[in-house]
Amino acid sequence: MAETYRVGLLGHGTVGAAFAELLEQRADTIVPITGIRPEISGVLTRSRGSFEEILENSDLIVELIGGIEPAREYVLRAMRAGKHVVSANKQLLSQHGEELWACAREHGVQLRFEGSVAGVVPVIRVLQESLAAARVERIHGIVNGTTNYILTEMAGRGLTYEQALAQAQELGYAEADPTDDVTGRDAAAKMAILARLAFSTPVHLDQVVYEGIQHLTADDMEYAKELGLGLKLIGTAERVDAGVSVRVHPAFLYAGHPLASVQGPFNAVTIESDTITEVTLSGPGAGGPQTATAVLGDVVSAMIPPASTPETTEALPVVNDVESAFYLHMEVADRPGVLAQVAELLGMQGASIRSVVQKGLGENARLVLILHPLLESRFYAAVHLIGQLDFIRSRPRAIRVIDEEFIS
Ligand SMILES: NC(=O)c1ccc[n+]([C@@H]2O[C@H](COP(=O)([O-])OP(=O)(O)OC[C@H]3O[C@@H](n4cnc5c(N)ncnc54)[C@H](OP(=O)(O)O)[C@@H]3O)[C@@H](O)[C@H]2O)c1
């Protein structure tokens with residue numbers, strides 16, 4: 001009979017309950033891998049269990065409560081007591097990661113968190129282990145399934161944002177309060193964690209600039225199709241001259257980009273480095289059984305030899321003004337010279353135009369431009385001036401474009 005490895009479970013909601021069930025089902029298959037049988041030694045919820053008792057009776061603690069407190073306190077206390085911890089809590093790691101990783105190093109325990117980013121997609125392990133020898137230049141991610149589902153429905157079926165959101169809520173892809181998802185904050189937390197691992201520099205959620213999808217219209221989708229572009233909520237973490245840039249915003253992608261084909265509630269992450277070109281990982285980004293699979297994978301890893309998140313070795317500034325290509329959508333009076341004036345103002349800021357689509361709307365016209373990359377501050381300076389021209393009929397709308405295409 002194999003020895004028992006005692007797993008204390010904090011939280012028994014969507015992921016916690018799925019984790020307990022999965023552990024029970026998979027215990028027999030884990031024994032040959034680890035030589036030990038994992039077993040739940042206690043469960044804590046708001047109405048049952050005692051943290052002190054669970055801590056006393058466990059070799060490892062799984063934190064699936066979510067939020068900051070009391071999750072932070074429990075994770076710290078568990079590690080100080082010499083227990084490994086597995087968590088899927090992106091809010092906690094993106095805001096208190098340095099404190100928690102330092103505590104893990106100090107006490108010689110593991111803190112594993114695969115489920116915190118992109119559900120079951122094993123991006124944390126790939127960054128920490130498989131690609132440990134690569135100098136990562138950039139990560140692009142679709143790391144929020146709710147928004148990817150909404151955008152897929154808007155693009156594919158012509159739904160408005162409101163219709164697509166209502167449908168996502170009906171199907172359980174979006175919460176009753178979808179604020180964190182649709183504003184980009186959830187994705188920002190995940191990108192902060194990925195940036196920290198990729199660049200070995202501290203990155204806090206507060207340093208991530210994020211923008212959501214609420215202002216996108218079916219009209220943007222239509223133009224995008226015509227220009228051969230797909231619209232996604234993209235998280236970016238990249239090295240730039242002055243440091244690193246970490247941001248989340250809607251962006252257009254050309255069809256050759258590996259993230260362009262990611263549909264519905266799926267997540268995907270593309271890691272770029274000179275030596276490896278790019279590696280893309282994709283799969284279900286949320287859900288109880290899916291996330292529980294990542295959490296149990298972490299438990300199995302913790303039962304075998306050590307892994308830890310090393311101290312940060314860099315102190316790179318997080319930079320906000322970076323170069324981007326842009327889509328610019330304007331309604332203008334349909335008269336001669338309009339495009340020339342717009343082009344002149346853009347040209348003064350160093351912008352050059354990649355493609356143009358113009359459509360008549362009676363006395364007015366819609367003008368959509370795709371611009372080659374330029375510094376965002378210079379682009380918005382031009383847009384500000386364009387917005388004041390007398391032939392502009394509605395506020396110009398801008399969306400970033402990711403213009404790389406990888407050879408397949
Ligand atoms: N759901 C997903 O698809 C998903 C995907 C990736 C990552 N995650 C992450 O996984 C974690 C858990 O998410 P979830 O969706 O499973 O959450 P959930 O369904 O809301 O479950 C939370 C659990 O924590 C318990 N809890 C809450 N406050 C507590 C407290 N003060 N003391 C003790 N227990 C407390 C709740 O107790 P009661 O049962 O008494 O209410 C419940 O059992 C979060 O960090 C989340 O970000 C979730």
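Since every read-out is calculated from the coordinates, none of them should be taken as a lab result. If you're wondering where the values come from, they're calculated on a predicted model, not measured in any experiment. Counting neighbours? That spans all protein chains shown, and the Cβs are built from the backbone with ideal geometry, glycine included.
Before moving on, here are some points about what is shown:
- Reachable lysines from Lys90, criterion Cα separation under 28 angstrom, eight or more residues apart if same chain: Lys190, Lys232
- Förster-model FRET efficiency, 45 Å R0, Asn320 and Glu52, C-beta, rounded to 0.05: 0.50
- Taking amide H atoms as placed 1.01 Å from N in the peptide plane, the amide H of Ala286 lies under 5 Å from those of Val120, each 5 or more residues away in sequence or on another chain.
- Taking only alpha carbon atoms, the chain gives an Rg to Rh ratio of 1.04, where Rh is the Kirkwood radius.
- Residues Arg393 and His215, FRET efficiency given R0 of 22 Å [Cβ-Cβ distance, rounded to 0.05]: 0.75
- Over segment 103-164, all Cα pairs binned in 5 Å intervals from 0 give whole-percent P(r) values of 3, 14, 15, 15, 15, 12, 9, 7, 5, 3, 1, listed from short to long.
- Note, ³J(HN,Hα) from phi for segment 378-390, Karplus 6.51, -1.76, 1.60, rounded to Hz, x at Gly and Pro: 6, 4, 5, 5, 5, 4, 4, 5, 4, x, 8, 5, 5
- Between the amide H of Leu44 and those of Leu9, Leu10, Gly11, distances stay under 5 Å, these residues lying 5 or more places away or on another chain, with hydrogens modeled in the peptide plane.
- Our Cα-only numbers for segment 133-208 put the radius of gyration and Dmax at 15.1, 45 Å.
- The chain: relative contact order in percent, alpha carbon pairs under 8 Å with at least 6 residues between: 17
- Distance between the modelled labels on Gln167 and Glu24, one decimal in nanometres: 3.7 nm (7 Å Cα→Cβ projection).
- Over every Cα atom in segment 1-55, the radius of gyration and the widest Cα-Cα span, Dmax, amount to 12.0, 36 Å.
- Neighbourhood net charge (15 Å Cβ-Cβ; Lys/Arg +1, Asp/Glu -1) for Ser394: -1
- Label-point gap, in nm, between Glu226 and Arg157 - each point 7 angstrom along Cα→Cβ: 2.5
- Residue separation of Arg335 and Thr179 scaled by 0.36 nm, minus their Cα-Cα distance, works out to 52.0 nm of gained length.
- Centroid-to-centroid, using Cα positions, segment 180-224 and segment 240-299 are 12 Å apart.
- Estimated [θ] at 222 nm from DSSP helical runs (n ≥ 4, -39500 (n - 2.57)) normalised by residues in the chain, nearest 500: -11000 deg cm²/dmol
- Our coupling estimate for segment 316-330, obtained by passing each phi through the Karplus curve with A = 6.51, B = -1.76, C = 1.60 and θ = phi - 60°, is 7, x, 8, 9, 9, 8, 10, 7, 9, 7, 9, 9, 10, 10, 9 Hz, Gly and Pro reported as x.
- Sorted peptide list for 138-144, 347-353, 371-377, criterion being average Cβ within 10 angstrom, highest first: 138-144, 371-377, 347-353
- Computed from phi, the 3J(HN,Hα) profile of segment 113-127 under the Karplus parametrisation 6.51, -1.76, 1.60 (θ = phi - 60°) reads 8, 4, x, 6, 10, 6, x, 8, 5, x, 6, 5, 4, 5, 5 Hz, with x in place of Gly and Pro.
- Between amide H atoms placed 1.01 Å from N, distances below 5 Å from Arg393 occur with Glu331, Val332, Ala333, all of them 5 or more places distant or on a separate chain.
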